[in-house]
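The values are calculated or read from the model by the stated rules, or taken from the named source; none is laboratory data. Because the structure is predicted, anything quoted here is derived from the model rather than measured. We place every Cβ from the backbone using ideal geometry, glycine too, and count neighbours over all the protein chains shown.
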Amino acid sequence: MYLLLDIGGTNTRITLSSDGQTLTAIKTFPTEEDFETQIQLISRIAHELTGGQKIEAAAAGVAGILDKEKSLLLKSPHLDSWTYQPLKEELEQVLDCAVYLENDAHLGGLGESVYGAGKGYPIVAYITIGTGVGGVKIENQKIDGYSKGFEPGHQIIIPEGNPCNCGGKGHLETYVAGSYLKEPIDWNKVAKYLAIGLNNTIVHWSPDIIVLGGSVMKSIPLDRVKAYLKKYLTIFSDCPQITLATLGDEGGLYGGLQYLKS
């Protein structure tokens, strides 16, 4: 039995997989700012789900940049009080199994590349727009190698622009992510900024397909994103396919399942 966790800046999701293929009922609850409170909450809900059965292994996607050993968060604009806390150690203690950590957006992209909208494409660029902006490059159904992770939401699109929670300015995230958008929202302008970010992603990663996920993508007009991107992307003769994610909130959980199997 596998336990799968998706710890986002706003919500946390937990589920089980007994057959390594499908997910059981998913439990969703707000992510606690206090680290210890969150660990105890995860412990309680996990044991309720398992009914006392042994967990073989667990995979947890978490919002932020992990250390090289993938044992703790080094930086997380939306979970600041969690940084340098012994996340892997604490989870392994309360769950009594091996725990594998990865960035939440990375697992979301892995899930979409294997089970969702990116299935069948060799190189998938996955961008998720929710509380913040995350993303990953998936090659042949594996997370591409990296030194510190992928953070496309923190590319600079307007020098000295909007302040970002990470301490920088003018990052893509500050123009398209939910935690920065205020009423009234000009969705056409949001689509324009997203297209600028996608142009940069395409020229750096050269993907076969771009999969866009996250709650904010329910509001951003995809047709306007494509129209702006067609205007901006001039170095290549055509754009890669751009589509919406199909796994919804379950993408990171399916990605965690694939991570444990690979």
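Here the condition is being charged (D, E, K, R), in contact with a strand residue (DSSP E or B) (Cβ under 8 Å, 6 or more places away or on another chain), over 12 Å from Leu4 (Cα atoms) and not assigned by TED's automatic domain parsing to the domain that holds His171; of Lys27, Lys68, Lys88, Lys54, it holds for Lys88 alone. Do any residues in the stretch 182-208 that are farther than 15 Å from Lys230 by Cβ and assigned by TED's automatic domain parsing to the domain that holds Ala227 have Cβ atoms under 7 Å from those of residues that are surrounded by fewer than 21 Cβ atoms within 10 Å (Cβ to Cβ) and among the small types (Gly, Ala, Ser), where the two are at least six apart or on different chains, and which pairs are they? Here the result reads Trp187/Ser219, each pair linking the stretch 182-208 to a residue that is surrounded by fewer than 21 Cβ atoms within 10 Å (Cβ to Cβ) and among the small types (Gly, Ala, Ser). Which residues, taken from the stretch 164-179, are farther than 12 Å from Pro77 by Cα and not in a helix (DSSP H, G or I)? Hits for the stretch 164-179 are Lys169, Gly170, His171, Leu172, Ala177, Gly178.
Is it the case that the stretch 180-190 has a residue that's surrounded by fewer than 23 Cβ atoms within 10 Å (Cβ to Cβ) and within 23 Å of Leu74 (Cβ to Cβ)? Yes, some residue in the stretch 180-190 is surrounded by fewer than 23 Cβ atoms within 10 Å (Cβ to Cβ) and within 23 Å of Leu74 (Cβ to Cβ). In the stretch 113-131, the qualifying residues are those that are closer than 26 Å to Asn165 by Cβ and β-branched (Val, Ile, Thr), and the one that is surrounded by the fewest Cβ atoms within 10 Å (Cβ to Cβ) is Thr131. For the stretch 221-249, the tally of residues that are surrounded by 14 or more Cβ atoms within 10 Å (Cβ to Cβ), modelled with pLDDT of 95 or more and assigned to a helix (DSSP H, G or I) stands at 8. For the stretch 59-75, the criterion of being closer than 20 Å to Glu173 by Cβ and touching a Cys at 6+ places or on another chain (Cβ under 9 Å) is met by at least one residue.
Among strands (runs of 3 or more DSSP E) lying entirely in the stretch 32-112, which contain 1 or more residues that are surrounded by 20 or more Cβ atoms within 10 Å (Cβ to Cβ), touching a residue at least 60 places away in the same chain (Cβ under 8 Å) and on the phi < 0 side of the Ramachandran plot?
Values: elements: 57-62, 73-75, 98-103.
Per the criteria, 57-62, 98-103.
When residues in the stretch 155-172 are screened for being without any contact (Cβ under 8 Å) to a residue 60 or more places away in the chain and crowded, with 19+ Cβ neighbours inside 10 Å, 3 of them pass. Applying the condition of being part of a loop (DSSP other than H, G, I, E, B) and touching a Leu at 6+ places or on another chain (Cβ under 8 Å) to the stretch 132-153 and asking which residue is surrounded by the most Cβ atoms within 10 Å (Cβ to Cβ) yields Gly149. Among what's in the stretch 86-124 and is more than 30 Å from Gly52 (Cβ to Cβ) and of a type in the set (S, T, N, Q), pick the residue that is modelled with the highest pLDDT. Going through the qualifying residues, I end up with Ser113.
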